[in-house]
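The values are calculated or read from the model by the stated rules, or taken from the named source; none is laboratory data. Please read all numbers here as calculations on a predicted model, not as lab measurements. No Cβ is skipped: glycine too gets one built from the backbone with ideal geometry, and neighbour counts run over all protein chains shown. When the accessible area is computed, the model is the full protein with side chains, heavy atoms only, and any ligands, DNA or RNA have been set aside. Shrake-Rupley method; radii C 1.70, N 1.55, O 1.52, S 1.80 Å.
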Amino acid sequence: MTKDAKNPPIDRVDGRLKVTGGATYFADFELPNMAYCVIVGSEIGRGRITGLETKRAQGAPGVLGVFTHQNMPPIPGWDAPVGGEADGPAPKPKTEETYRILSSPKILFDGQPIAIVVADTIERATYAASLVKAIYSKQAARTDLQKHVAEGLAPKGAEGGNYSRGQADASQTAPVTLEANYTIPIEVHNPMELHGILAHWTGSDTLMIYAKTQGVNATQQAMAQAFKIDPKNIHVHTEFMGGGFGMGLRTWPQETAVVAIARKIGRPLKLVVNRSQMFTLVGHRPYTVQTIQMGADKDGKLVGIAHAATAETASYEDFTEATVNMTKFMYACPNVSTRYRLVRLDRSVPIWMRGPGEATGAFALESAMDEMAHKLNLDPIEFRLRNYTETDPEHNRPYSSKHLKEAYQKGAEAIGWSSRKGEPGSLREGNWLIGYGMSTGVFNAFRWEASARALLKADGTLTVQSAVTDIGPGTGTALTMIAHNVLGVPIDKIKVEYGDTLLPKAPTQGGSAIVSAVGSAVFDACTAIKQELIELASKDAGALAGRQANELTLADGMLSVEKEPAKKVSVTNLMRTNNLTVIDKTKDSKGGPDIQKYSMYSFSVHFVQVRVNPVTGVVRVAKAVSVADSGRIVSPKTAASQMIGGVTGGIGMALTEEAVIDHRFGRFVNNNLADYHVAVHADVPAIETIFIDKPDPIINPMGAKGMGEIALIGFAGAVANAVFNATGQRIRDLPITPDKVMQKLV
Ligand code: MOS
């Protein structure tokens with residue numbers, strides 16, 4: 001962790017609440033007269049319901065209703081054809097299929113809700129749900145992307161179309177070439193906290209929602225559209241979240257259904273989906289196959305790269321992500337072409353999962369870079385440096401900041417890169433083969449519109465407010481640090497209130513954009529308070545009378561003359577003598593600065609040392625070092641935790657995570673945490689995090705770029721590259737499980 005006296009690593013401001021059970025997650029809220037929903041899922045992957053037996057469920061103890069496509073209350077905003085905005089904040093291109101929850105007997109994916117059972121207790125609802133029986137007319141479900149890759153379609157929209165510069169075939173005609181295919185399996189976010197909603201109609205047109213959402217304002221908007229009511233009448237609260245990783249980036253159909261049923265029944269309703277439903281009802285990282293063709297000259301200069309990706313999506317919605325984008329600008333290369341395709345399968349729709357498409361794409365590109373470095377007999381860092389670019393070759397403009405060279409160097413030192421042998425399989429420690437690998441990560445540094453309010457009270461306390469949800473990265477802590485740095489109010493006198501639509505509007509927590517977006521608004525609101533204090537002081541009769549604003553400085557609750565620190569007044573006294581109990585400022589911060597002039601990205605470099613057991617094929621990540629060039633670090637301790645979390649996810653992505661479908665039935669066979677393996681303590685070594693910590697001069701007043709995604713992006717490639725270095729075997733299909741390693745070694 002970076003040590004900096006001016007920017008001390010403070011503890012997570014909500015840490016105590018979280019570890020003592022004081023933090024209230026959506027499912028912790030209890031309302032009088034509340035009832036419980038349980039979803040019954042389809043047992044087939046494609047077809048129709050031809051018969052539905054709900055009478056036994058209906059008559060079971062405590063049951064208040066069994067809702068199916070035959071009696072589901074209408075959702076007024078869903079009158080519009082599919083593809084409208086009612087499903088969530090991001091309108092999607094239309095497909096020929098339609099999916100509206102409980103609106104038709106048609107089955108589009110295994111696990112699709114066919115009934116929602118409501119009862120007065122969760123146990124009774126669960127029991128009654130087990131009594132619902134369906135008869136189906138079944139069709140074969142197409143769920144295997146590998147079998148249908150050739151059916152890929154170019155999606156509409158910005159992330160779709162083909163890209164190319166220079167000569168399309170340069171990657172194949174260069175002096176040194178390679179072509180390789182890479183596969184990413186289905187991965188599921190699997191946060192600890194299960195998904196769901198608590199919906200309470202407080203009046204005929206007023207609604208209170210506690211939900212697991214990454215954006216309370218987005219949920220408010222989605223529900224306003226679905227129920228055709230004024231967003232002002234919808235209050236959404238999500239203060240704490242037990243992990244999101246992207247599954248809460250939209251409002252899911254079952255949430256809207258619960259709100260509709262709650263209105264019909266006239267009681268508050270709670271839904272918490274179970275772990276196996278988490279695999280189907282709240283998105284996943286799509287199965288993706290990629291091909292990289294790469295050409296270089298003998299001096300190790302890239303001549304051409306062609307990157308093609310084909311990902312699965314649902315039959316009823318096109319989900320797209322930026323899988324191939326990194327290839328367009330990461331390296332100096334005159335000839336680059338990319339292609340992105342979707343195959344519509346009988347599956348539930350994917351969603352962004354941490355790092356999203358960029359993490360998928362980086363695995364392919366950074367594995368290929370390692371393969372090419374090996375062909376050229378070059379050190380993988382040296383190969384990257386020979387193709388380093390100081391300007392963005394996709395848009396022909398400068399980066400707002402880029403300190404990637406420094407990141408390569410610092411990470412290499414920390415991992416002990418000089419111990420790496422160029423010859424794969426040549427380093428041993430007892431029974432273990434040792435290998436080193438590295439990889440680069442990159443993600444857009446976004447800044448979106450956001451608002452924040454700051455209230456400085458005469459008792460010296462400061463309250464900062466924003467609607468933004470903290471999904472776990474430490475948003476509250478980072479906002480506290482920003483306020484502290486502007487106003488000099490001690491950390492323990494600052495309170496951040498967030499996660500509620502009654503607070504100033506904020507974007508959805510995602511895209512690594514929140515410190516940049518909401519932080520800028522907090523910075524502006526606090527700066528407005530500071531300006532007012534300075535004006536008051538210069539007009540005041542006290543020690544600072546007649547001083548110009550630019551002579552004054554604010555720290556530790558005192559305003560003083562910068563060059564004569566003895567001349568000072570306390571903020572508290574200043575406010576009291578002016579009869580002010582509070583200074584209250586709200587600021588709306590605009591989105592990204594001059595994106596026409598600059599390309600804004602955060603960069604990371606991941607280094608790992610792996611140990612591979614040649615007998616069992618087991619791969620252990622023995623050491624990990626991740627270096628982030630994400631501008632100025634606002635909160636060093638939570639930033640380090642962010643990186644550690646990303647690396648932990650990256651170890652899972654590299655070595656263990658894979659949701660497996662039995663394609664005969666179109667159904668998951670490991671949709672539980674016993675069989676779907678996320679990385680656990682025993683899989684995760686001590687992780688060293690290093691921050692370049694140089695402010696970005698363009699993006700925002702803090703100079704901070706995002707870092708949530710780059711913590712993961714590239715990591716899996718670093719592991720694959722290290723496994724190659726340890727064994728001489730290249731594994732291009734994630735996860736790198738012992739069976740694959742053994743197969744290659746024997
Ligand atoms: Mo993130 S995939 O933007 O939650």
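Per-structure values
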read-out: Loop trypsin sites (Lys or Arg not before Pro), segment 124-212 (other Cβ atoms within 10 Å of the site Cβ: 13 or fewer; DSSP); value: Lys156
read-out: Anchor Lys568: lysines whose Cα lies under 27 Å away (excluding residues fewer than 8 positions away in-chain); value: Lys6, Lys457, Lys493, Lys495, Lys530, Lys539, Lys585
read-out: Fraction of accessible area attributable to carbon and sulfur, the chain (%, probe 1.4 Å); value: 51 percent
read-out: Per residue accessible area of the chain, 1.4 Å probe, in Å²; value: 38 Å²
read-out: Expected 222 nm ellipticity per residue - DSSP helices of 4 or more, -39500 (n - 2.57), all of the chain, to 500; value: -7500 deg cm²/dmol
read-out: Heavy-atom SASA rank of Trp252, Trp201 (probe 1.4 Å, accessible area, largest first); value: Trp201, Trp252
read-out: Whole-Hz ³J(HN,Hα) from phi, Karplus 6.51 cos²θ - 1.76 cosθ + 1.60, for segment 64-75, glycine and proline x; value: 9, x, 10, 10, 9, 5, 7, 9, 5, x, x, 10
read-out: Potential lengthening between Asp459 and Asp662 on full extension [0.36 nm per residue; Cα-Cα distance subtracted]; value: 66.7 nm
read-out: Cα-centred dipole magnitude for the chain, charges only on beta-carbon of K, R (+1) and D, E (-1), debye, nearest 20; value: 360 debye
read-out: Segment 294-392 - percent relative contact order, Cα under 8 Å, separation 6 or more; value: 34 percent
read-out: 5 angstrom amide H check on Ser400, placed H, neighbours 5+ away; value: Ser599, Met600, Tyr601
read-out: Heavy-atom accessible area ranking, 1.4 Å probe, most first, across His284, His374, His484; value: His374, His484, His284
read-out: Extension gain from Glu532 to Ala566, taking 0.36 nm per residue of separation minus the Cα-Cα distance; value: 10.1 nm
read-out: For the chain: relative contact order, % (alpha-carbon pairs under 8 angstrom, 6 or more apart); value: 16 percent
read-out: Karplus-derived 3J(HN,Hα), 6.51/-1.76/1.60, for each residue of segment 552-561, Hz, glycine and proline x; value: 9, 9, 10, 7, 6, x, 10, 9, 9, 7
read-out: Rounded to 5, the percent of DSSP beta bridges in the chain classed as antiparallel; value: 75 percent
read-out: Axial C-alpha extent at least 15 Å, average Kyte-Doolittle at least -1.0 - helices from the chain (DSSP); value: 216-227, 253-265, 356-375, 404-415, 475-487, 514-539, 636-651, 715-727
read-out: HN-Hα J in Hz across segment 392-403 - Karplus 6.51, -1.76, 1.60, θ = phi - 60°, x for Gly and Pro; value: 6, x, 6, 10, 6, 8, x, 6, 4, 6, 7, 10
